[in-house]
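The values are calculated or read from the model by the stated rules, or taken from the named source; none is laboratory data. For clarity, every value in this text was computed on a predicted model and none was experimentally measured. Neighbour counts are summed over all protein chains in view; Cβ atoms, including those assigned to glycine, are modelled from backbone coordinates with ideal geometry. Surface areas here come from the heavy atoms of the whole protein model, side chains and all, with no ligands, DNA or RNA. Shrake-Rupley method; radii C 1.70, N 1.55, O 1.52, S 1.80 Å.
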Amino acid sequence: MPTTIVLPGKRRIWLDVVQGVVIDSSESSVAVVQQGRDQRQFVGGTPIVRPGRLHSEVVSISKVWLRSADGKESAHDLSDFPVDVRIGHSMSLIHGAAEGVEEGACFGAMNNTTGKFAFDESIHCDRLRPFGLYLPPGFYRKRMKWGLIVGTSLGVLCAVSAGGDISFVVGGVILGFLLSLPVALVQGVIKQIQGQRLVPRLNHLALAILVGTD
């Protein structure tokens, strides 16, 4: 039965626990190669494209397979919050999402046998979205839309007062669009920081639920 918690800002989030016995676990390391952006330069008037530099990093992958009390088996990725387990240990995983979001995300685990636990402490970007802690869909589009509306309105008022000069309308549209960009970027950064700051509180409440269901 999911439990609903309330974070600051009246953010309602449901949390649910998946419990089972570890039937298998695996840990591996994978080298991920990424390429930076290509750089375009002009040398003697001739455009030259320099390929982005390649860099690699080692990513650890931790997976666990659980068998629940009803006999169902399920696989879970614990790469972002690994917990040491062995076959036969009892384990609990917690996942959740913002109220109204059906498909939740797993973000914490607890080894009931050893008492060890771990949580994803930096749920960035898309991982914050299911919890309502990231930017809502169409965030930048809506702000640009309002910027265009305000700019157009001002342009129309100026055009009417200036005897119907259409150039004021065009200028208002351009000004509204340009002003909406920095406003949207600043608001976006602020909302992301606010959402990230709520992650420790989310993890604390999730741990209380895990301990309570042990």
Residues in the range 182-194: is at least one touching a strand residue (DSSP E or B) at 6+ places or on another chain (Cβ under 6 Å), surrounded by 15 or more Cβ atoms within 10 Å (Cβ to Cβ) and at pLDDT 80 or above? no
Going through the range 195-213 in order, the residues found to be of a type outside the set (Ser, Thr, Tyr), over 22 Å from the mean Cα position of the chain (by Cα) and either farther than 17 Å from His95 by Cα or open to solvent by 40 Å² or more (accessible area, probe 1.4 Å) (or both) are Ala208, Val211, Gly212
Those residues of the range 139-164 which are part of a loop (DSSP other than H, G, I, E, B) and modelled with pLDDT of 80 or more amount to none
Filter the range 1-16 for residues that are surrounded by fewer than 12 Cβ atoms within 10 Å (Cβ to Cβ) and under 22 Å from Met110 (Cβ atoms); the one that is modelled with the highest pLDDT is Thr4
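A quick yes/no check of all residues on (1) assigned to a strand (DSSP E or B); (2) open to solvent by less than 30 Å² (accessible area, probe 1.4 Å); (3) at pLDDT 80 or above:
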position	(1), (2), (3)
Arg86	no, no, yes
Gly100	no, no, no
Cys106	yes, no, yes
Met110	yes, yes, yes
Ile123	no, yes, no
Asp126	no, no, no
Leu135	no, yes, no
Within the range 154-181, restricting to residues that are hydroxyl-bearing (Ser, Thr, Tyr) and more than 30 Å from Pro8 (Cα to Cα), the one that is least open to solvent (accessible area, probe 1.4 Å) is Ser167
